[in-house]
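See below for the structure under consideration.
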Amino acid sequence: MVLRSPTFLVGTEKQRGLLNEFSRRDQHFTEEYQKNKPLCFSAKTYQRTHPKKMSLGHKDADATLASPMVLGVADGVSQLEEFGMDASELPQELLRVCEDLGMNQLIPDRPVNPQDAYRGPVSLLKEAYEETESLGSTTILLAVLDNSTRIHGKLHPMVAVLTIGDCEMLMMRRLDGRQSPLRAVFHTEMQRIDGHSQTPLQLARVDERVDPEFDEELALEVIERGSAVHCVSAYEGDIIVLGSDGVFDNLYLEEIVEIVNEALPIPKPGPFVATQPVLLSHLARRLVDEAHAKSEVGPYGLPDTPIGLGGKMDDTSVVVGEVVEWTKAHSEVWAQVRKQNQWRGLVSCGAMGGTCRTCRMGEDSGSEHEIDIGNESDRFRSTSMSVDESDDEGMQCAVQ
């Protein structure tokens, strides 16, 4: 059992030398074509530092993002606390900007200027990084729902997954019909340097206190050459779990699938009905609780985990999302959110004729866009964030 498990900073030269060893693997999952409609995520998040790590005075450096088009987890490097830095600032700011860009680029049936069009998760993360200012270092995983991909000339929604470091994603689907259990259909892999659980590949911006040789161009190179990118078909009812290493180092994939199936029972016959958000919230919390429980001594000693007996005590964050249909109600809700953000921006910026993203950072970002499934009027609640066209004959998910 690891009682103290900080994440160690990986230096500039070390990362530069390792980039050539990483190769991006674009993984495509193809299924039999079926008529598709615009889709989005209904998602909830939960995060909590392990109580014993918290008792040592360490701050939670994780950040999570749950929005209709982009899900994300970022795990800040806790070692930076030793240099007087807040390790949570870069993860939080980075996911806020990813949300802003993703929602502007990916909302279905919304006109977008060509220069602002979605060009894949790599371009999205690069632009987000360039628009941030916070110091720090973080791992990150994004799941982006792209409704523009075509198969044989017809729309076929895809989830583009980008990962840098050791956050992971697991996608589950009811492969044998709606009345069958969920089964794993896709899982990302960790990117760890020399296989060491405390030195994941990282996206950083640091000053001379940490690394006098740091060059921001290297961070962009990490995004372009070091990120792992996958494209996976998306279907209504798919369940997606994103988690920091505090989840996947402590729980086996089979355990996660079992917990999800217990929390989301087999639906009744009939048309698809989306899962109530409260159930997604309870599931996210249970996954964190089960991960923390691995460090507790039981009747037969410490439980087994993917990294050994007792796992590790760490910041632990989860996003649980379900793929659902994007409806007119979603469009109306997001239009209201955009108006609110624009108005707040005008006031914050002194009515200077534009919306300043820096000013919007302090406001509720609409990170959890929730349609009340049980109410036909589709009430909406928004809370703040816890912390190329394809040709007609092929399938493309933009990853440039």
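Structural remarks
- Placing unit charges on each Cβ (+1 for Lys and Arg, -1 for Asp and Glu) gives region 203-242 a dipole about its Cα centre, and among L242, A228, L218 the Cα reaching farthest toward its positive end belongs to L242.
- Scoring 175-182, 297-304 by mean Cβ neighbours within 10 Å over their residues and listing the highest first yields 175-182, 297-304.
- For W326, nonlocal amide neighbours, meaning residues 5 or more places apart or on other chains whose placed amide H falls under 5 Å from its own, are L39, C40.
- Taking the alpha carbon gyration tensor of region 214-348, multiplying each eigenvalue by 5 and rooting it gives semi-axes of 32, 26, 16 Å, largest first.
- Principal axis analysis of the Cα atoms in region 210-266 yields extents of 54, 28, 13 Å, listed in decreasing size.
- Dipole axis of region 102-185 (+1 Lys, Arg; -1 Asp, Glu on Cβ), positive-most option in H152, A128, P114: H152
- Approximate spin-label separation E224-L279, in nm, with each point projected 7 Å along Cα-to-Cβ: 4.5
- 10 Å-binned pair-distance histogram of region 149-193 (Cα, whole percent): 23, 31, 36, 10, 1
- Amide H partners (placed H, <5 Å) of D314, local residues excluded: H50
- Here the peptides 237-248, 259-270 are ranked by packing, the mean other Cβ count within 10 Å, and the order with the highest first is 237-248, 259-270.
- Spatially proximal lysines relative to K328 (Cα-Cα < 27 Å; intrachain offsets below 8 disregarded): K35, K37, K44, K154, K268, K339
- Backbone N under 18 Å from the I307 label point (7 Å along Cα→Cβ), restricted to region 232-267: 242-256
- Distance distribution note for region 79-128: the fraction of Cα pairs above 15 angstrom is 53%.
Quick note: the coordinates plus some simple rules give every number you see, no bench work behind them. Everything quoted here is computed from the prediction, not taken from an experiment. Glycine gets a Cβ as well: all are built from the backbone with ideal geometry, and neighbour counts include every protein chain shown.
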